[in-house]
Amino acid sequence: GKGRVHLSLGCIAVFLVSKNGETEAVVEITGFYLHFVAMVTGHRVSSQGDLGRRFQTPGLGCSHRSLCICPRWEEEKKEDGVKWTQLEHRGPYFAPLYEPLPDDVQFYYNGKPLKLSLATEEIATFYAKMLDHEYTTKEIFQNNFFNDWRKEMTSDEQKIIKDLDKCDFREIHKYFVDKSEARKALSKEEKQKLKEEADKIQEEYGYCILDGHREKIGNFKTEPPGLFRGRGDHPKMGMLKRRIMPEDVVINCSKDSKIPEPPEGHKWKEVRFDNTVTWLASWTENIQNTLKYIMLNPSSKLKGEKDWQKYEVARRLKDVVHKIRAQYQADWKSKEMKKRQRAVALYFIDKLALRAGNEKEEGETADTVGCCSLRVEHIRLHPELDGQEHVVEFDFLGKDSIRYYNKVSVEKMVFKNLQLFMKNKDPSDDLFDRLNTSILNRHLQSLMDGLSAKVFRTYNASITLQEQLKALTNSEDNVAGKLLSYNRANRAVAILCNHQRSTPKTFEKSMQNLQAKIDAKKQQVEEAQEELKKAEDDNVEKKKKLLKRLEEQLDKLNVQATDKEENKQIALGTSKLNYLDPRISIAWCKKFGVPIEKIYNKTQREKFAWAIDMADEDFEF
């Protein structure tokens, strides 16, 4: 009726306001996602606040009036294989076309200025922008770039430009450095104008309607053309990533939706109506011939459900893992060589978190391997090494050409089996010649529904984090000390999963800056200690408080320095976002009084909204 009803449900506030015979529902929410459905016969339904903007459900009618609020991951499930019934979006936002260099910015060949054709000039700018990067010092990067660049040159340019060493990109490089600095120096008003333009694009292309919900899209922009970098020593680094055109793109939406319009003068490669997949658009990139997708944002309902289910499968493994381990240990003595090899491979996947070995992309030429595709040359056996018995030394390129190097003391029967597997084989022969990923995956499925090598990684990563947090966390520590313990626990997982990174280029400088802050803070502490000694009676408490605050600040800086040094070559983010059940971290935060935002940033809190809602301080993986 007329007036206002205020329902207070924890952090949810719901207002129903009647104005001139119309009912307006306003929902405000913080912390986690809910499904909002307002069914009002013959009345306009409008929504405001974050929830309304994201999940407005227009045009719903019913024979009665009600407001239904329920967690979005508890909505009615669809039949197997069906992901959605309605999907509408604007399609991808394409990278802007190339803007030619000003006339006074020139490319030089053999010391002389050379005017390049537009296509050749654009590719030259890709290399020029990277001149201060380590990639351009690598021979394989240089060779791949030059080969691809020459293919795009005109015949006249090919006759002239024959040696990369004679190419001078420095003027072009300086132009882009100056342009970047000028952008940083823009006034607050100018930056705000750019932000508004970006927000307008986000508003138009960054959302879709999925089953009545306005869902955020992940990366709605096509990747701009440039030079492929890859990870590790990738053999294709430096190759030309071509511009994605509408003619390359497959659109996926519902039949009854408005099909997105391609840019003027272009057409889509194909339009599909496939509700068994969650991608909105796809295309094949030219470097490794792999499919790229525009997907929903990690904070979306479908992504949240998928994450939740992934960790629930890993939790199920906890109930049967002891039985599985007992089985593969028994199989080490099997009379069948096939079973022995499978059992040893499963031991490596379980204990060392190795990937199964099917991660190589189509068209990939790098010599990358996983557990099942290990060759004899990838391991060395040491009956004794560094005071340990039965040591296996691993050395191979794993996923993304990241080197895996490890020395591990293994069970005696595993060591003996490896000696047997390597007998009378050449270095290039398969270590597990009776095993492949298909055989292993069928076996894993027979042990537990949904079990895969990745589930083992997720299980072992999450269990390791939980155990390390219990062992390392001191409830008496301040927040900085607890965060150091958390990062050390996370690092144990990253090491287990071989999540490495190169030391950042800015590491030394940032450490020097941090050390300068520590030295300055030490000086302040010493001065405060001297002042406390000289303080009059009525001023002692004030000086004590000042000294205590300064000492806490010094402790915090020292913890920062330790954390930074320990993590310089470890990538903590990969495991935290992909392999660690977020409920473990959230429960830890709640138990030890650490703000969740210290562990997860805003985007990550949106991604793990389901976990923040579910986990209390007593959660056990």
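The values are calculated or read from the model by the stated rules, or taken from the named source; none is laboratory data. Keep in mind that this is a model prediction, so the values were computed, not measured. Methodologically, a virtual Cβ is constructed for each residue, glycine included, from the backbone with ideal geometry; neighbour enumeration extends over all protein chains shown.
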Per the filter on the range 325-349, residues at pLDDT 95 or above and of a type in the set (Val, Ile, Thr) are Val344
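Any residue at all in the range 242-252 that's within 30 Å of Ala611 (Cβ to Cβ) and either crowded, with 17+ Cβ neighbours inside 10 Å or among the hydrophobic types (A, V, I, L, M, F, W, C) (or both)? Spell out how you get there, then give the answer.
Within the range 242-252, the subset within 30 Å of Ala611 (Cβ to Cβ) is 252.
Still in the running and either crowded, with 17+ Cβ neighbours inside 10 Å or among the hydrophobic types (A, V, I, L, M, F, W, C) (or both): 252.
For the range 242-252, residues within 30 Å of Ala611 (Cβ to Cβ) and either crowded, with 17+ Cβ neighbours inside 10 Å or among the hydrophobic types (A, V, I, L, M, F, W, C) (or both): present.
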Scanning the range 304-336 for residues that are surrounded by fewer than 16 Cβ atoms within 10 Å (Cβ to Cβ), hydrophobic (A, V, I, L, M, F, W, C) and in contact (Cβ under 8 Å) with a residue 24 or more places away in the chain gives Val320
Of all helices (runs of 4 or more DSSP H) fully inside the range 531-621, the set with 1 or more residues that are farther than 21 Å from Ser300 by Cβ, modelled with pLDDT of 90 or more and of a type in the set (Phe, Trp, Tyr) is 582-592
Scanning the range 394-413 for residues that are small (Gly, Ala, Ser) and modelled with pLDDT under 90, the one nearest to Ala345 (Cα to Cα) turns out to be Gly398
Q. Has the range 568-586 got at least one residue that is hydroxyl-bearing (Ser, Thr, Tyr), surrounded by fewer than 16 Cβ atoms within 10 Å (Cβ to Cβ) and under 26 Å from the mean Cα position of the chain (by Cα)?
A. no
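Which residue, of Glu312, Glu261, Glu336, is over 14 Å from Phe456 (Cβ atoms) and within 30 Å of the chain's Cα centre (by Cα)?
Exactly one of Glu312, Glu261, Glu336 is over 14 Å from Phe456 (Cβ atoms) and within 30 Å of the chain's Cα centre (by Cα), namely Glu312.
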Among residues of the range 280-307 being touching a helix residue (DSSP H, G or I) at 6+ places or on another chain (Cβ under 6 Å) and modelled with pLDDT under 90, the residue farthest from Glu215 (Cα to Cα) is Glu305
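Those residues that are surrounded by 14 or more Cβ atoms within 10 Å (Cβ to Cβ), within 22 Å of Asp350 (Cβ to Cβ) and out of contact with any Phe, Trp or Tyr (no Cβ under 6 Å at 6 or more places or on another chain), I need them from the range 383-393; list them, please.
Step one: filter the range 383-393 for residues surrounded by 14 or more Cβ atoms within 10 Å (Cβ to Cβ), giving 385, 390-393.
Now drop any that are not within 22 Å of Asp350 (Cβ to Cβ), which leaves 390-393.
Matches in the range 383-393: Val391, Val392, Glu393.
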When every residue in the range 494-509 that is loosely packed, with under 12 Cβ neighbours inside 10 Å and in a helix (DSSP H, G or I) is compared, the one modelled with the lowest pLDDT is Glu508
The number of residues in the range 107-125 that are touching a strand residue (DSSP E or B) at 6+ places or on another chain (Cβ under 6 Å) and either buried (at least 18 other Cβ atoms within 10 Å of the Cβ) or at pLDDT below 95 (or both) is 0
